[in-house]
Amino acid sequence: STPTRFELINNWPQGTWHWRFSGPTSLSLDIPPGSTMTGELLPVGTYSAIDWMDGAQGTNSTPEIPPGGFITARACPER
């Protein structure tokens, strides 16, 4: 089966963007301003994620991401 892939782009110049994937295993990422992280979630399975920015209140969450899925996100979607 194909792993879930991700591309996370922190295009916000003022804070680190944090992601925590949950599923068959957990993965936490800290993405500095101006950075992009890409990768695969292993082992293969269904994942969900929460994300938040330094200095922001609250978190955002994703719907379930199935095996073979792809998630791409920008910290500031309108940029």
Answer from Ser26, Ser22 - the residue that is under 19 Å from Pro63 (Cα atoms), open to solvent by 70 Å² or more (accessible area, probe 1.4 Å) and under 13 Å from the mean Cα position of the chain (by Cα): Ser26
Pair list, Cβ < 7 Å and 6+ apart or interchain, from segment 63-74 residues that are closer than 21 Å to Trp17 by Cα to residues that are open to solvent by less than 60 Å² (accessible area, probe 1.4 Å) and aromatic (Phe, Trp, Tyr): Ile65/Tyr47; Ile71/Phe6
Matching residues, segment 55-79, being open to solvent by less than 80 Å² (accessible area, probe 1.4 Å) and within 16 Å of Pro13 (Cα to Cα): Ala56, Ala73, Ala75, Cys76
Residues of segment 42-54 that turn out to be open to solvent by 60 Å² or more (accessible area, probe 1.4 Å) and either part of a strand (DSSP E or B) or touching a Lys or Arg at 6+ places or on another chain (Cβ under 9 Å) (or both), as a count: 1
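The values are calculated or read from the model by the stated rules, or taken from the named source; none is laboratory data. Predicted model only: the values in this text are computed from it and were never measured. When we count neighbours, we look across all protein chains shown, and the Cβ atoms used for this are built from the backbone with ideal geometry, even at glycine. With ligands, DNA and RNA removed, areas are computed over all heavy atoms of the protein, side chains included. Shrake-Rupley method; radii C 1.70, N 1.55, O 1.52, S 1.80 Å.
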